[in-house]
Amino acid sequence: MPVTDIFETRAAFSFEVFPPKTDAGMDKLCGAGGVLEQLYTLHPDYISCTYGAGGTNVGKNLEVLKKIQKDGCCTPVTHFTCVGNTKEGMRSQLQTYLDNGIDHVLALRGDLPFGWTGTGGDLHYATELVKFIRREFGDRFTIAVAGSPEGHIACRSLEADIAFLKQKQDNGADYIMTQLCWDMDQFRRWLDAIRAAGIWMPVDVGIMPVLDMAATINMALSRNGCVMPRELSRMISRHWVFPNPFDKEPFDAAAEEKKAAFKEEGIAYTIRQIDEYRACGIDGIHLYALNKYEDVARIAREAGLLDEI
Ligand code: FAD
């Protein structure tokens, strides 16, 4: 069933995984009793799989999605980007997804590899990719697009970013998957602003669980320029691992206890954030599962997401 049909009746609930680089990682994710099979037990509506810059992991991305499709427990959604892709290459990759029964795509510009200034491909923006997919494949794909509640890091203004989001809708996109955003006031302002701009697409909110201090800082600042609310900043300060959370061999004797305490508070923080999002009337919660089961299962359960289904 197209994910868009679910939004018509209730809020959706989904996970995001990434294609592991190693065979051992693939086995852990896709093997018998692996993370995907564990995630199915929570009955998500869909599981999406990321797509590496320049299609570097396209083989593994397809392998993960084929397994989800074959298992038949939920809808597979592939991420797809313009980075390093020619039109001919995109046509052929998208046809391969369809040939394998994968007909949901998150159409993105893509993260630019370090040092690149453009996509290095035939298309430059997600707006163009949405148009291309509709022109080449008609209605065969359900198309999701990214939305950035704080404005994309490179946008010239939030207004311009919203105008491009409207263009994605006009070009045929079906729903929005959001970039992580911890600033709830900003999220509410953005939601009002996109509706005022005539964007009616359902909004599926991307939630990055707060589990690890270094990963949380990294996700916020390496690419996305996200605002960290005072509560989250204070949590990080309270449990700071010295010399810093990125150091692989910290001299902090209490490092392990601090990490565990941070994770526990982070789970509670993530659950409260999901509550706030749901109170905004959003159309779905998309949890970045980070190829793990236990913590996201606990978050989904304690947040009451499993009752959605
Ligand atoms: P666009 O919408 O094209 O916007 C990029 C920038 O250009 C913005 O600043 C925008 O304001 C501006 N812009 C847009 N259209 C135009 C136009 N027509 N003219 C001028 N300026 C314009 N990246 C990956 O590489 N792989 C993944 O699997 C992946 N998964 C993601 C999943 C989610 C849920 C999200 C939210 C992001 C994901 N990303 C992924 C990251 C994404 O590729 C980056 O955020 C990227 O920098 C922008 O992608 P976009 O589709 O938002 O770009």
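The values are calculated or read from the model by the stated rules, or taken from the named source; none is laboratory data. Just so it is clear, the model here is predicted, and its values are computed rather than measured. Protein only, heavy atoms only, side chains kept; ligands, DNA and RNA dropped before computing areas. Shrake-Rupley method; radii C 1.70, N 1.55, O 1.52, S 1.80 Å.
Carbon and sulfur: what percent of the range 102-244's accessible surface (1.4 Å probe)? Carbon plus sulfur share of accessible area: 51 percent.
Within a straight-line Cα-Cα reach of under 20 Å, Lys60 can be paired with the following aspartates and glutamates, leaving aside sequence neighbours fewer than 8 residues apart in one chain: Glu16, Asp23, Asp27, Glu37, Asp71, Asp99, Asp103, Asp111.
Is the chain best put as rounded, prolate or oblate by its Cα gyration tensor, with a ≥ b ≥ c the root eigenvalues, rounded for a/c under 1.5, and otherwise prolate when a/b is larger than b/c, oblate when not? Note, shape of the chain comes out rounded.
Among the listed pairs Lys66/Lys263; Lys87/Lys131; Lys28/Lys66; Lys28/Lys67, a Cα-Cα separation exceeding 21 Å is found for Lys66/Lys263. Quick check on the range 20-80: take the gyration tensor over C-alpha atoms, sort the square-rooted eigenvalues as a ≥ b ≥ c, and tell me if it's rounded (a/c under 1.5), prolate or oblate. The shape class here is oblate. Ordered by solvent-accessible area of protein heavy atoms (1.4 Å probe), largest first, the residues Glu257, Glu88 come out as Glu88, Glu257.
In the elastic network of the chain, a GNM with C-alpha springs shorter than 10 Å, the most mobile of Leu65, Leu98, Leu129 is Leu98. Can you tell me the 0 to 90 degree angle between the C-alpha axis of helix 58-71 and the longest principal axis of the chain, rounded to 10? On a 0 to 90 degree scale, this one is about 90.
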